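Trainee: Okay, handing you the structure first.
The values are calculated or read from the model by the stated rules, or taken from the named source; none is laboratory data. Please read these numbers as outputs of a predicted model, since none were measured by experiment. Cβ: placed from backbone, ideal geometry, glycine included. Neighbour counts: every protein chain shown. Ligands, DNA and RNA are stripped out before the accessible areas are found, and what is left, the full protein with its side chains, is counted by its heavy atoms. Shrake-Rupley method; radii C 1.70, N 1.55, O 1.52, S 1.80 Å.
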Amino acid sequence: METVLSIKNLNKKYGKIHAVKNLSFNVEKGNVFGILGPNGSGKTTTLSIILDVINAKSGSYSWFGQYPSKESRKKIGAILEHPIFYPYLTAVKNLEIIADIKGIKYNDIERVLHTVELHDRRNSKFKTFSYGMKQRLAIAAALIGKPEVLIFDEPTNGLDPKGIAEIRELIINIAAKGITIILASHLLDEVQKTCSHVTVLKKGEKLFAGKVNDVLNISDTIEISSNNIDMLKLAVKEYDKVTDIKKELDLLVVNLKEGTTTFDLNNFLVNKGIILSHLTVRKKSLEQQFLGLLTENE
Amino acid sequence: MIIFYTTLLAFMIFGIPGLIDYIAEKSGQPSKFRIFKAIVFNFPDIWQNITFVASTRYFIKVILGIIVIIIITNEFSFLTIRSNIINGLNRRDFLFAKIELIVLLTIFSTLIIFLSGLYLGFAHSTSKTISDVFGKMIFILGYFIEVFTFLLFCLLLGILIKKTGITFIVLFVYFIIEPILDYKLNDSITPYLPLKAMNHIIQTPNTSLIKIKSDGFNFDFQEAVSIADVGICLGYAALFIFLSYVILKKRDL
Ligand SMILES: Nc1ncnc2c1ncn2[C@@H]1O[C@H](COP(=O)(O)OP(=O)(O)O)[C@@H](O)[C@H]1O
Ligand SMILES: [Mg+2]
């Protein structure tokens, strides 16, 4: 696999606040990589460092396997915190400045304006935009020149439910094209709905990391077992309400679709002539940890 | 702002001959003032006179400085410097883009002075020989260097302070402080004070009028731009650029 971003032992201090603590992780090509953590956990600080906006105290990072440079940043489209544009210039003029910096032809501007549905307002000054429109323009700016990597920092912050749904859909559509996405959010639900991988931060430290399905699985995880485990596995595979099956020693660990219960699974297996010797619902430990972490900080 | 600057400059440059005419009428001794006018706008002295007026410390040069300060501090208050870096400039590119802008502003301002000089000279000068027209034109180059260095000074202040209003205050306070320092410090140091060094490139012109009035008074008036003055000024320009770069490089944006 191709590593897009590699972060090693990154540290950043603001006076006494240790905003990022010895943070390391890798983002592989095609990942939709979530950075999940409550407010103040160091998400924006981390993204600012890898975009060369702020200087780290120690540690290193590399983009596309190379020492970071302005050339690597030209292959990245990013939104940091709030939409940033020249307020007294129009949407188009602002995008032209960005296209100039990235060395991209102006005809791509039409495309990205259509993508975020701002084409009608392209000649309005940025300062006349509503917050939702500003956020969409920021996304348009990030999309200019079809970057290999997109970075979104709290992209749905401050939007109404319709705006949130639209932006999430946009992210999912972009991800479907195989573009690598790094998404920072304090919303568990947002990361679950959009990301393939996640790193959870608390007070600048990595708590845990992995695939979203493993780390933040919200659907029930069920342990089952019977006298013939291989036959059991074959039978369970035929059940269309199963999302994931893993074999652990003499157990099968099964995930079911939302709304499906252990009763349904058992019923299905009984109809197939299989009697279970073991059936329990696993504690959703990581999710609970995360929720605990969030409430603790609120 | 630039339009305001141009208008003000044009108004001054083209207003002065009119003003002199007006005073001449009122004073009842028009001939005396006609002589004055002919002297002030005489080639080649006009180059020194006009650049001197346009580059006076507390005068319209400041408007250019204000433009530069607004441009650079806006980058910090709108955070657009951040997005420039994120999108693929490095900090040196960013600084050079601003210096490029300063060069353009300086060229623009120098060009206006140059064209005004030509116009006023041809309209009012008694001598129009080639050698006189080009005579003290080196002052135009001196003007360019002086304004360029002054604007770099404003850029450095803006980068250092980031806030528009506070930068203005600091600039104006420094305008007051430097003359005080000038007065207090040893004469061997004072020529090296930045604003004084800049202003020293074009000194109070020795118009022939003053010369007439101070016949017995043997004072050395400036006849040409001195290389040493230009050297000190360019040294400051380099220092301002270097400091701006170091600050930008070290800072979290
Ligand atoms: N410029 C700054 N000066 C001082 N402290 C800061 C600054 N920026 C961020 N911090 C602190 O660093 C920590 C991490 O902030 P941040 O990265 O913005 O978190 P997040 O994006 O996860 O909400 C917070 O405690 C915040 O208060
Ligand atoms: Mg943040």
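Trainee: Out of the residues in segment A:96-153 that are among the acidic types (Asp, Glu) and part of a loop (DSSP other than H, G, I, E, B), state the one that is farthest from the other protein chains (Cβ to nearest Cβ).
Mentor: The selected residue is A:Glu117.
Trainee: Determine whether B:Thr110 is farther than 16 Å from A:Asp100 by Cβ and not in a helix (DSSP H, G or I).
Mentor: Values: farther than 16 Å from A:Asp100 by Cβ: yes; not in a helix (DSSP H, G or I): no.
Here the answer is no, as B:Thr110 does not meet what is asked.
Trainee: So which strands (runs of 3 or more DSSP E) stay within segment A:174-240 end to end and still have 3 or more residues that are open to solvent by 20 Å² or more (accessible area, probe 1.4 Å)? Please lay out each step first, then the result.
Mentor: Numbers: elements: A:180-185, A:197-202, A:205-211, A:221-225.
Here the list reads A:205-211.
Trainee: Give me a count of the residues in segment A:139-155 that are open to solvent by less than 10 Å² (accessible area, probe 1.4 Å) and within 16 Å of ligand 1 (Cβ to nearest atom).
Mentor: Residues flagged as open to solvent by less than 10 Å² (accessible area, probe 1.4 Å) and within 16 Å of ligand 1 (Cβ to nearest atom) within segment A:139-155 amount to 4.
Trainee: Ok, one more. May I ask you to list pairs of residues, at least six apart or on different chains, whose Cβ atoms are under 6 Å apart, with the first in segment A:152-177 being aliphatic (A, V, I, L, M) and the second being open to solvent by less than 30 Å² (accessible area, probe 1.4 Å) and within 16 Å of ligand 2 (Cβ to nearest atom)?
Mentor: Listed pairs, sorted by first residue: A:Ile164/A:Thr156; A:Ile167/A:Pro155; A:Ile167/A:Thr156.
Trainee: Considering only residues that are among the hydroxyl-bearing types (Ser, Thr, Tyr) and away from ligand 1 (no atom under 16 Å from the Cβ), look in segment A:186-217 and name the one that is farthest from A:Ala165 (Cα to Cα).
Mentor: Top of the filtered list is A:Ser196.
Trainee: Restricting attention to segment A:66-85, and to residues there that are part of a loop (DSSP other than H, G, I, E, B) and closer than 10 Å to B:Ser83 by Cα, which single residue is nearest to the other protein chains (Cβ to nearest Cβ)?
Mentor: A:Ile84
Trainee: Report, by residue number, each residue of segment A:1-58 that is exposed (fewer than 15 other Cβ atoms within 10 Å of the Cβ), more than 14 Å from chain B (Cβ to nearest Cβ), within 12 Å of ligand 1 (Cβ to nearest atom) and assigned to a strand (DSSP E or B).
Mentor: none
Trainee: Just checking, which of B:Leu111, B:Leu115, B:Leu89, B:Leu95 is free of Cβ contacts under 8 Å to residues at least 40 places away in the same chain and within 14 Å of another protein chain (Cβ to nearest Cβ)? Walk me through it before giving the result.
Mentor: Numbers: B:Leu111 fails: within 14 Å of another protein chain (Cβ to nearest Cβ); B:Leu115 fails: within 14 Å of another protein chain (Cβ to nearest Cβ); B:Leu95 fails: free of Cβ contacts under 8 Å to residues at least 40 places away in the same chain.
On inspection, the qualifying residue turns out to be B:Leu89.
Trainee: Can you name the residue in segment B:76-86 that is more than 7 Å from every other protein chain (Cβ to nearest Cβ) and open to solvent by 10 Å² or more (accessible area, probe 1.4 Å) and is also farthest from B:Lys249 (Cα to Cα) among such residues?
Mentor: Out of the qualifying residues, it is B:Ser77.
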